[in-house]
Structure formats: structure tokens, C-alpha cells
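Undergrad: Before I ask anything, let me first share the structure, which is written out below as C-alpha cells.
Please treat every number below as a calculation from the coordinates, not as lab data. Because the structure is predicted, anything quoted here is derived from the model rather than measured. Cβ: placed from backbone, ideal geometry, glycine included. Neighbour counts: every protein chain shown.
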Amino acid sequence: MKNKQLLLDNIDNVHTTEMGIDRIKKNLKLDTDNVVEYCKNKVLDKNCNIYKQGKNWYCEIDNIIITINSYSYTIITAHIKK
């Protein structure tokens, strides 16, 4: 497990693509246009379980998993845990 502080220190670099916004809104059934802020707030929550596997960070909280690329800090996807 890598140091999650690296992700937290770079939270301002977290972003996503237009397609990512649509995918995350659909997967999480969100009714907000500010998907990146929503995800950042989840990641910053003290109860968020953050771990790194391969090239991605995984952030688990409130029954959702947010996947963030560890090099570009792009939110790849987010989905509800099964």
C-alpha cells in the first residue's frame, strides 16, 4: 500500500474528462454538474479508505468506489459497490 498522503497533497490536480463526468453521474445517479468537487469531497472525508493498486488510486466511502489515475490524477470512474 502506497502513501495516501500523496493523493491528498495533490487533490487540487484531480480532474476528469467530459465523458468521465457523464459516466460518473450515471453510475452514482448524481444530480449535480460539479462531479469533480463531489468526488474530491468524498476523497477528503476522514472516513475514506484510500489505497493504491497498480497505476490507480481507489477511494472507498459511503458504499462507492472512486478510481483515480495515480499519474495524471484523472478520475477514471466511480461506481456503487456491489
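Undergrad: In whole Å, largest first, what are the principal axis extents of the Cα atoms in the chain?
TA: Cα spread of the chain along its principal axes, largest to smallest: 32, 24, 21 Å.
Undergrad: Tell me, how many Å apart are the Cα centres for segment 56-74 and for segment 10-40?
TA: 11
Undergrad: Can you give me the distance in nm between label points at residue 45 and residue 30, each placed 7 Å from the Cα along the Cα-to-Cβ direction?
TA: Spacing of the two 7 Å Cα→Cβ label points: 1.3 nm.
Undergrad: Whose amide H sits under 5 Å from the amide H of residue 64, counting only residues 5 or more places off or on another chain, with H placed in the peptide plane?
TA: Close amide H contacts, sequence-distant or interchain: 81.
Undergrad: Another one. How large is ³J(HN,Hα) for each residue in segment 69-82, as worked out from phi by the Karplus curve 6.51 cos²θ - 1.76 cosθ + 1.60 (θ = phi - 60°), to whole Hz, x for Gly and Pro?
TA: Coupling constants for segment 69-82: 5, 6, 9, 9, 6, 8, 6, 7, 7, 8, 8, 7, 5, 8 Hz.
Undergrad: While we're on this one: Using every Cα-Cα pair within segment 3-46, state what percent have a distance larger than 15 Å.
TA: For segment 3-46, the share of Cα pairs beyond 15 Å comes to 43 percent.
Undergrad: On a 0 to 90° scale, report how tilted helix 35-44 is relative to the longest principal axis of the chain, with both axes built from alpha carbons and the result rounded to the nearest 10.
TA: 30
Undergrad: Using DSSP to call loops (not H, G, I, E or B), can you name the trypsin sites (Lys or Arg not before Pro) in segment 11-48 whose Cβ has at most 14 other Cβ atoms within 10 angstrom?
TA: Passing both the DSSP loop test and the Cβ count: 29, 46.
Undergrad: Against the longest alpha carbon principal axis of the chain, how many degrees, from 0 to 90 and to the nearest 10, is the axis of helix 18-28 turned?
TA: Rounded to the nearest ten degrees, it is 80.
Undergrad: I need to check one value: relative contact order of the chain, counting alpha carbon pairs closer than 8 Å and at least 6 residues apart, in percent.
TA: 32
Undergrad: Amide H to amide H, which residues 5 or more places from residue 70 or on other chains are under 5 Å from it, using H placed in the peptide plane?
TA: For residue 70, whose amide H was placed from the backbone, the distant partners under 5 Å are 56, 57.
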